[in-house]
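Step one of this worksheet: look at the structure below.
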Amino acid sequence: MFMCFFVAQVHSQAQSIKAKKGSFAIDKSKNIIVWHQSNIDTVVLVKNIKGFRFRNKYRFNKPITSLSHNKKYQLSRKGKTFDLYISKLPLVQIEVDTPLNKDTKVLGSYKYYNKKNFIESSLGIEFRGNLSLTYPKKTFDIEFWRDSIWNKSRDITFENLRNDDDWILDGMYNEPLRIRSYVANKLWTAIRKPYGQDEVPFEKSGIDLIYVEVFRNQKYQGVYTLTESVDRKLLGLQKNRKRIVNGELFKASSYEGAPAFLKAPKYDNLFPHWGGFEMIYPVLDYKSHWQQLAQLVDLVVNGSDEEFVLNIDGKIYLNNTMDYFLFVNLLRATDNLGKNYYLARYDKDEPYFFIPWDLDGIMGIIQDGKRIPTTDDILSNGLFDRLLELNPEGYKSRLKQRWSQLRNGHFSDDELFSSIEAIYSNLKEERIYEREHRIWPSERTIEEDYTYLQTWLKNRLNYLDVYFANL
């Protein structure tokens, strides 16, 4: 990995700050400059700062003596005025000459700057999503390449995230506060310890992500999350060996009945899709491997009560399943029980476990960002209905106990509301919302959206407390 280390500095007798390579980006169409400086205290200031060098000279109308992440500054160059924002968030700059599409990655270049860490790479980039393709602010699927000719992938690490070549830049356009999916993914990895941690200590139970600010072709795109992808490597699943299927990974990709455990159609290993699932890993000799997953779905859909109670604990990891049920209901994730999750198993003969995915239509909104204020219902599917009805391995009492345990920990009012408040305050006070809304304006104020989220979450928790107390 190519890295250079820089610190913003002022020459001893100078009265302007020279920004380092990769630490700034300029949108000349919107008159916006974003300069990444995570710790302003490291900037050595003179008594009067007359301007900056962002390749060229930009001057203040009046000299200033201090800098803040919470202020906006006006700079001038050749009679044109620019708004300067100083950001703590990592800065991402993408340049691509070819029009983007959703099917094929095209060549581009990528720059990343954060806390002295500067990374440059070639990349392949394409649009990502289905409904999100209709939004003006796009989400991107990116893969890092070693060069611009052979397109061989390269792994890169960002902060405390994984070392990998495949990443997602999520624009979160349908989520007015740009908070929900970030909080939800962090919450899942907090409550769910990695499955099989004793055997594979470095595996994860779900994705991690960080906030970044993005420029594309020198146009400011706003705040994004740089997000890991779910795959065999992330979860630490056992590789297949000598054509023997060990670890498995499936994506619940469409509403065809099997992901909701409502239908158990016949499968054909010649095809990568079955009943709404997509085979992610492994594909051996151009064939999928549906047998074990099909047995699980068939047990839930068609198994007798006796068969279900006797066998379900060996087919699916019940502690993980309980947490997923509680997690989805806390968030009221209406699109994540018949679709938008992964099922995996660490090794052959091991139970399956859930990994959440695509957590945008949650906490009082649905996938297109529309408000749905409902708080007084329970989300379920065929699997969770049978678990509650037949109560294998004391499932109901364990579920009730787990809710109580989480409500005294990661689901507590203090932890939930304080984590949301901290992110909201940072995005607001550091003027990230301000520049986001300059590019992607909203009909409502962020204060209105924040009040709605707080009220919704309070009502949802109250309802669920009563429900699980009476379970």
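Return yes or no: is Ser66 at pLDDT below 95, of a type in the set (Gly, Ala, Ser) and surrounded by fewer than 16 Cβ atoms within 10 Å (Cβ to Cβ)?
Working: at pLDDT below 95: yes; of a type in the set (Gly, Ala, Ser): yes; surrounded by fewer than 16 Cβ atoms within 10 Å (Cβ to Cβ): yes.
Yes: the conditions hold for Ser66.
Just to be sure before I move on: is Lys251 over 19 Å from the mean Cα position of the chain (by Cα) and either buried (at least 18 other Cβ atoms within 10 Å of the Cβ) or over 30 Å from Tyr211 (Cβ atoms) (or both) in the structure I sent? So Lys251 fails the test. Within the stretch 149-169, restricting attention to residues that are in a loop (DSSP other than H, G, I, E, B) and among the aromatic types (Phe, Trp, Tyr), the residue that is farthest from Gly124 (Cα to Cα) is Phe158.
Out of the stretch 411-425, which residues are open to solvent by 70 Å² or more (accessible area, probe 1.4 Å) and in contact (Cβ under 8 Å) with a residue 40 or more places away in the chain? Please lay out each step first, then the result.
Keep residues of the stretch 411-425 that are open to solvent by 70 Å² or more (accessible area, probe 1.4 Å), which gives 413-415, 421.
Hit for the stretch 411-425 is Asp413, nothing else.
For the stretch 119-141, taking the residues that are at pLDDT 95 or above and β-branched (Val, Ile, Thr), the one that is farthest from Val230 (Cα to Cα) is identified as Ile119. Any residue at all in the stretch 118-128 that's free of Cβ contacts under 8 Å to residues at least 24 places away in the same chain and either of a type in the set (S, T, N, Q) or farther than 30 Å from Lys428 by Cβ (or both)? Within the stretch 118-128, not a single residue is free of Cβ contacts under 8 Å to residues at least 24 places away in the same chain and either of a type in the set (S, T, N, Q) or farther than 30 Å from Lys428 by Cβ (or both). Filtering the stretch 415-471 to residues that are of a type in the set (Lys, Arg) and farther than 30 Å from Lys400 by Cβ leaves Lys428, Arg431, Arg435, Arg438, Arg444.
Scanning the stretch 130-143 for residues that are in contact (Cβ under 8 Å) with a residue 24 or more places away in the chain, in a loop (DSSP other than H, G, I, E, B) and open to solvent by 10 Å² or more (accessible area, probe 1.4 Å) gives Tyr135, Pro136, Lys138, Thr139.
Give me the pairs, please: first residue somewhere in the stretch 204-224 and farther than 13 Å from Arg435 by Cα and open to solvent by less than 30 Å² (accessible area, probe 1.4 Å), second residue anywhere and basic (Lys, Arg) and part of a loop (DSSP other than H, G, I, E, B), beta-carbon distance under 7 Å, and either six or more positions apart or on two chains. Pairs that qualify, where the first residue is farther than 13 Å from Arg435 by Cα and open to solvent by less than 30 Å² (accessible area, probe 1.4 Å) and the partner is basic (Lys, Arg) and part of a loop (DSSP other than H, G, I, E, B), are Ser205/Arg192; Ser205/Lys193; Gly206/Arg192.
In the set Arg146, Arg178, Arg241, Arg192, which member is more than 19 Å from Glu120 (Cα to Cα) and free of Cβ contacts under 8 Å to residues at least 40 places away in the same chain? Before the answer, list the steps.
On the way: Arg146 fails: more than 19 Å from Glu120 (Cα to Cα); Arg178 fails: free of Cβ contacts under 8 Å to residues at least 40 places away in the same chain; Arg192 fails: free of Cβ contacts under 8 Å to residues at least 40 places away in the same chain.
Criteria check complete, one pass: Arg241.
Scanning the stretch 77-117 for residues that are over 20 Å from the mean Cα position of the chain (by Cα), closer than 20 Å to Arg431 by Cα and of a type in the set (Ser, Thr, Tyr) turns up Thr81, Tyr85, Ser87. Filtered by the rule that a residue be in contact with a helix residue (DSSP H, G or I) (Cβ under 7 Å, 6 or more places away or on another chain), over 22 Å from Arg460 (Cα atoms), touching a residue at least 24 places away in the same chain (Cβ under 8 Å) and open to solvent by less than 60 Å² (accessible area, probe 1.4 Å), the stretch 283-341 gives Leu296, Val300, Val301, Phe308, Val309, Ile312, Lys315, Ile316, Leu318. Scanning the stretch 407-433 for residues that are charged (D, E, K, R) and touching a strand residue (DSSP E or B) at 6+ places or on another chain (Cβ under 8 Å) yields Glu430, Arg431. Any residue that is part of a loop (DSSP other than H, G, I, E, B), open to solvent by less than 30 Å² (accessible area, probe 1.4 Å) and in contact with a strand residue (DSSP E or B) (Cβ under 6 Å, 6 or more places away or on another chain) - is there at least one of those in the stretch 74-86? Among the residues of the stretch 74-86, not one is part of a loop (DSSP other than H, G, I, E, B), open to solvent by less than 30 Å² (accessible area, probe 1.4 Å) and in contact with a strand residue (DSSP E or B) (Cβ under 6 Å, 6 or more places away or on another chain), which makes the answer no. Filtering the stretch 342-368 to residues that are outside any strand (DSSP E or B), open to solvent by 10 Å² or more (accessible area, probe 1.4 Å) and of a type outside the set (A, V, I, L, M, F, W, C) leaves Tyr346, Asp347, Lys348, Asp349, Glu350, Pro351, Asp358, Asp360, Gln367, Asp368.
Considering each residue of the stretch 434-465, count those that are assigned to a loop (DSSP other than H, G, I, E, B) and closer than 19 Å to Tyr135 by Cα, and give that number. Break it down stepwise before answering.
Just the residues of the stretch 434-465 that are assigned to a loop (DSSP other than H, G, I, E, B), to begin with: 440-445.
Those still in the list that are closer than 19 Å to Tyr135 by Cα too: 440-444.
The qualifying residues number 5.
Can you tell me which condition Ser442 does not meet? The list is (1) modelled with pLDDT of 95 or more; (2) surrounded by 13 or more Cβ atoms within 10 Å (Cβ to Cβ); (3) small (Gly, Ala, Ser), and all the others hold. All conditions pass for Ser442, except number (1).
For Phe468, the stated conditions do not hold, so it cannot be described as assigned to a loop (DSSP other than H, G, I, E, B) and crowded, with 17+ Cβ neighbours inside 10 Å. The residue list Lys458, Lys400 contains one member that is over 22 Å from the mean Cα position of the chain (by Cα), in contact (Cβ under 8 Å) with a residue 60 or more places away in the chain and open to solvent by 60 Å² or more (accessible area, probe 1.4 Å), which is Lys400.
State yes or no: is Phe144 at pLDDT 95 or above and within 21 Å of the chain's Cα centre (by Cα)? Quick ask: steps written out before the conclusion?
Numbers: at pLDDT 95 or above: yes; within 21 Å of the chain's Cα centre (by Cα): yes.
For Phe144, the condition - at pLDDT 95 or above and within 21 Å of the chain's Cα centre (by Cα) - is met.
Of the residues in the stretch 369-382, at least one is touching a helix residue (DSSP H, G or I) at 6+ places or on another chain (Cβ under 7 Å), surrounded by 16 or more Cβ atoms within 10 Å (Cβ to Cβ) and in a helix (DSSP H, G or I).
The values are calculated or read from the model by the stated rules, or taken from the named source; none is laboratory data. The structure presented is a predicted model; accordingly, all values stated were derived computationally and were not measured. Using ideal geometry, Cβ is built from the backbone for each residue, glycine included, and neighbour counts are taken over all protein chains shown. The protein model used for the area step is the full one, side chains on, heavy atoms only, and it has no ligands, DNA or RNA in it. Shrake-Rupley method; radii C 1.70, N 1.55, O 1.52, S 1.80 Å.
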